[in-house]
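The values are calculated or read from the model by the stated rules, or taken from the named source; none is laboratory data. Since the structure is predicted, the reported quantities are computational estimates derived from the model, not experimental observations. Glycine gets a Cβ as well: all are built from the backbone with ideal geometry, and neighbour counts include every protein chain shown.
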Amino acid sequence: MSTGFTPDQLVAFLLVLIRVGTWVWIAPPFGGKMLPPMVRVGVSIALAVPMTPSAAQAAGTIPTTPGPLVWAAIEQVLIGGLLGLVCLTLLSAVQSAGSLIDVVGGFSMAQGFDPLLMQQNAVMSRVYGLIAGVLLLVTGGYMVLLQGFAATFGVLPITGTLDLATSGATLSTALSTMVVATLQIAAPIVGVAFLADVALGLMSRVAPALNAFALGFPIKIGLTLLLLALTVPMLPPAVLGLSEQAVQAMSAITSGG
């Protein structure tokens, strides 16, 4: 019984699936432990099917002998992993900003076990992580990521070789961009929390009988929650901008510079 698929088409689909599956396993909003493994496998297959024809055409000759085929599969794991890692690095800026707000706002003392991520998470870190995931879906950021990832098969075919030097430089740039974005997102709340600490310090000098330490927690928590309501509407452009920078980073990795 004929399936209608040639061996070259089947091998091309498997190589595309390896790259797509590795990327989906790492990159937001699909990566992490938010989605069950079987759902991620289904998403990988659903994305690999439409990407296979153009990827096979860009690749030209598809390896079918064991040696080159195994090497091509290893290359796809490496490429997909690096592309997913650079997306994760940039888009983690929002959750990192939440972690910084936890420290300055006094929420870090309320850490609890997160059953979804299987790790300790503070309040704002978890809230900002969930907001970033939702914004990726509602702003169309995930489509920007998918289009950028699909374009990598034309720039770096499934038979191509990754430039590790360029990849390392791109990851370093992405990390520095993530740090800057984290500070920019958290800056308003961090600045107000700092001014609150200064005001409490001056108050304790003027009225030593006041317990500035006991007053500090409710005041800083209240200010943080108030500013959170004011700053969350500013997050959608930031998430979309980080998505576009992730696409540029993926393009730099696959194009070799």
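Some points to look at:
- Unmet requirement for V16, which otherwise passes all of (1) farther than 21 Å from G140 by Cα; (2) surrounded by fewer than 21 Cβ atoms within 10 Å (Cβ to Cβ): (2)
- Residue in the range 25-46 that is closer than 17 Å to T159 by Cβ and assigned to a helix (DSSP H, G or I) present: no
- Flag if T173 is over 15 Å from I79 (Cα atoms) and surrounded by 13 or more Cβ atoms within 10 Å (Cβ to Cβ): yes
- For the range 118-158, residues that are over 30 Å from Q57 (Cα atoms) and among the hydrophobic types (A, V, I, L, M, F, W, C) total 13.
- Filter result for the condition that a residue is more than 22 Å from V103 (Cβ to Cβ), at pLDDT below 90 and not hydroxyl-bearing (S, T, Y), over P218, P208: P208
- Of the residues in the range 30-41, at least one is surrounded by 15 or more Cβ atoms within 10 Å (Cβ to Cβ) and on the phi > 0 side of the Ramachandran plot.
- Filter pass, I158 being part of a loop (DSSP other than H, G, I, E, B), of a type outside the set (S, T, N, Q) and modelled with pLDDT of 85 or more: yes
- In the range 108-135, residue modelled with the highest pLDDT [restricted to those that are surrounded by 15 or more Cβ atoms within 10 Å (Cβ to Cβ) and β-branched (V, I, T)]: I131
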